[in-house]
Amino acid sequence: MSLIEIKVPDIGDFKEVEVIEILIKVGDTVKAEQSLITVESDKASMEIPSSHAGVVKELKIKLGDKVAEGSIVLMLEASASANTSAPAPAVASTPATSSATSSVTTPAPAFVAAAPEVKPAPVSLPLPASVDVPVQHGKSHASPSIRKFARELGVDLAQVQGSGPKGRVVLEDVQGFIKGVMRSGVSASPVTSGVSGSGMSLLPWPSLDFSKFGSTELQPLSRIKKISGPNLHRNWVMIPHVTQFEEADVTDLEEFRKQSNDALAKSGVKLTMLAFVIKASVAALKKFPAFNASLDAAGENLILKHYYHIGFAADTPNGLVVPVIKNADQKGIAEIAKEMAELSTQAREGKLKPADMQGASFTISSLGGIGGTAFTPIINAPEVAILGLSKSSIKPVWDGKQFLPKLMMPLSLSYDHRVIDGAMGARFAVYLAEVLADMRRTLL
């Protein structure tokens with residue numbers, strides 16, 4: 001048996017991340033790809049997996065430590081069945097270590113990206129005299145994600161008693177603080193948008209003992225849903241959504257897609273309808289540049305983007321993530337389809353890097369493979385629009401002389417009404433449908 005150094009792998013653009021959770025202890029037997037620790041930056045939470053199977057002999061990190069690529073996580077006594085397909089050069093043993101030690105970097109960690117943050121103005125919750133709040137002095141200890149979560153809810157962390165190691169404030173502490181305020185009968189003060197300056201007062205969340213009505217079961221939310229939930233809530237509350245519905249005649253496009261797949265069968269590339277929609281969306285974004293933009297923090301200027309990075313929602317066992325096709329305007333349909341397939345596979349395996357999920361200027365959410373006729377997708381701030389696709393179906397369409405069977409794809413375009421008015425939203429949807437009906441329009 002030999003001792004192996006398990007190190008932090010490539011973590012993208014982050015120089016240092018904080019250890020917020022240790023999932024194993026000395027003496028534990030771990031499997032290859034089993035998560036060892038959870039680290040967190042201000043943008044993402046990620047689990048570091050083990051590259052080998054074996055027994056944990058020594059931990060090299062502790063909660064709150066800052067680690068970077070190459071930092072040693074632990075020493076592992078590899079089992080005979082450990083994965084040694086890519087061994088690293090052996091390191092000479094020290095007098096305190098009798099066995100040979102090899103240096104192995106773990107596989108890419110599983111990333112859970114949070115949607116881009118729009119910072120609201122700081123707000124404190126009003127507290128009645130009946131609420132006993134522990135007084136804390138100095139800076140409260142909390143991870144970046146907990147600070148953001150508290151900031152979005154208007155909670156002053158100085159008023160929250162931390163239950164984590166060394167008094168660290170964890171998610172449950174913030175939730176418990178909010179529940180205490182709500183039980184006291186005080187609603188949250190208006191949450192002011194840093195963009196529009198408007199706000200609203202929220203009623204207390206209803207608290208019920210559901211077991212009085214029947215059998216219940218407690219199921220924790222996945223990490224992805226815990227992170228994305230507050231962002232979705234913020235986006236829905238702060239962005240005035242309008243959804244424009246349209247149908248695109250994709251009869252000819254579907255026939256072309258099938259013929260192209262037959263021709264590309266040997267290459268291993270499979271064209272999907274979503275790949276065509278991404279290319280068509282780029283054409284529509286070029287014609288209507290306000291859709292490929294973001295509001296600045298003051299809400300006074302529109303930042304027009306001259307790049308076309310298209311995000312697409314990918315379904316995974318733990319929830320939806322949004323990989324991004326960079327520079328989609330510079331890629332062909334086959335290249336887009338191939339990149340989508342690769343990113344989708346990485347998403348399902350939890351191997352997406354932060355860079356794979358950043359920089360989108362427009363997002364598409366496709367539910368066509370599942371069903372449904374239409375839906376209202378939530379805009380992914382700071383983007384100003386999102387396109388939803390539903391299941392295509394054969395419908396009778398009047399051509400001026402007769403009804404013909406046509407394959408119609410439902411489009412659901414949600415847009416930020418502060419940036420885009422109803423007429424522009426309708427024109428974008430109509431133009432996109434026209435492009436999908438005849439992709440030759442993209443050549444004009």
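The values are calculated or read from the model by the stated rules, or taken from the named source; none is laboratory data. Please read these numbers as outputs of a predicted model, since none were measured by experiment. All Cβ positions, even for glycine, are placed from backbone atoms using ideal geometry, and neighbour counts span all protein chains on display.
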Checklist entry - Only one of LYS351, LYS338 is surrounded by fewer than 21 Cβ atoms within 10 Å (Cβ to Cβ) and part of a loop (DSSP other than H, G, I, E, B); which? => result LYS351
Checklist entry - If you go through segment 355-394, how many residues are touching a residue at least 24 places away in the same chain (Cβ under 8 Å) and either assigned to a strand (DSSP E or B) or closer than 17 Å to VAL282 by Cα (or both)? => result 15
Checklist entry - Between residues in segment 220-249 that are under 27 Å from LEU411 (Cβ atoms) and without any contact (Cβ under 8 Å) to a residue 40 or more places away in the chain and residues that are among the hydrophobic types (A, V, I, L, M, F, W, C) and surrounded by fewer than 21 Cβ atoms within 10 Å (Cβ to Cβ), which pairs lie under 8 Å by C-beta distance while being six or more apart or on different chains? => result GLY229/LEU221
Checklist entry - Any residue at all in segment 414-423 that is outside any helix (DSSP H, G or I), within 22 Å of ASP249 (Cβ to Cβ), touching a residue at least 60 places away in the same chain (Cβ under 8 Å) and aliphatic (A, V, I, L, M)? => result no
Checklist entry - Which of the residues that make up segment 344-371 are of a type in the set (Asp, Glu) and in contact with a strand residue (DSSP E or B) (Cβ under 7 Å, 6 or more places away or on another chain)? => result ASP356
Item to check | When residues of segment 394-444 are limited to those that are hydroxyl-bearing (Ser, Thr, Tyr) and in contact with a strand residue (DSSP E or B) (Cβ under 9 Å, 6 or more places away or on another chain), the one farthest from PRO382 (Cα to Cα) | outcome: SER412
Checklist entry - Given the structure, is ALA314 among the small types (Gly, Ala, Ser), under 19 Å from LEU271 (Cβ atoms) and more than 13 Å from the chain's Cα centre (by Cα)? => result no
Checklist entry - Quick one: which of ALA82, ALA68 is modelled with pLDDT of 75 or more and either assigned by TED's automatic domain parsing to the domain that holds VAL26 or out of contact with any Pro (no Cβ under 6 Å at 6 or more places or on another chain) (or both)? => result ALA68
Item to check | One residue from PRO410, PRO405 being outside any loop (DSSP other than H, G, I, E, B), more than 13 Å from the chain's Cα centre (by Cα) and surrounded by fewer than 15 Cβ atoms within 10 Å (Cβ to Cβ) | outcome: PRO405
Checklist entry - When you scan segment 4-27, how many residues do you find that are among the small types (Gly, Ala, Ser) and either surrounded by 14 or more Cβ atoms within 10 Å (Cβ to Cβ) or at negative phi (or both)? => result 1
Next on the checklist: I need every pair where a residue in segment 396-412 that is outside the structural domain of GLU254 (by TED's automatic domain parsing) has its Cβ under 7 Å from the Cβ of a residue that is hydroxyl-bearing (Ser, Thr, Tyr), sequence separation at least 6 or different chains.
Outcome noted: none
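Among the residues of segment 359-385 satisfying the criterion of being aliphatic (A, V, I, L, M) and over 20 Å from PRO410 (Cα atoms), which is surrounded by the fewest Cβ atoms within 10 Å (Cβ to Cβ)?
Checked segment 359-385; the qualifying residue surrounded by the fewest Cβ atoms within 10 Å (Cβ to Cβ) is ALA381.
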Item to check | Residue selected from segment 236-254 under the condition of a type in the set (S, T, N, Q) and outside any helix (DSSP H, G or I), by the criterion nearest to ASP399 (Cα to Cα) | outcome: GLN244
Checklist entry - Which residue, of LEU367, LEU404, LEU436, LEU443, is modelled with pLDDT of 95 or more and out of contact with any helix residue (DSSP H, G or I) (no Cβ under 6 Å at 6 or more places or on another chain)? => result LEU404
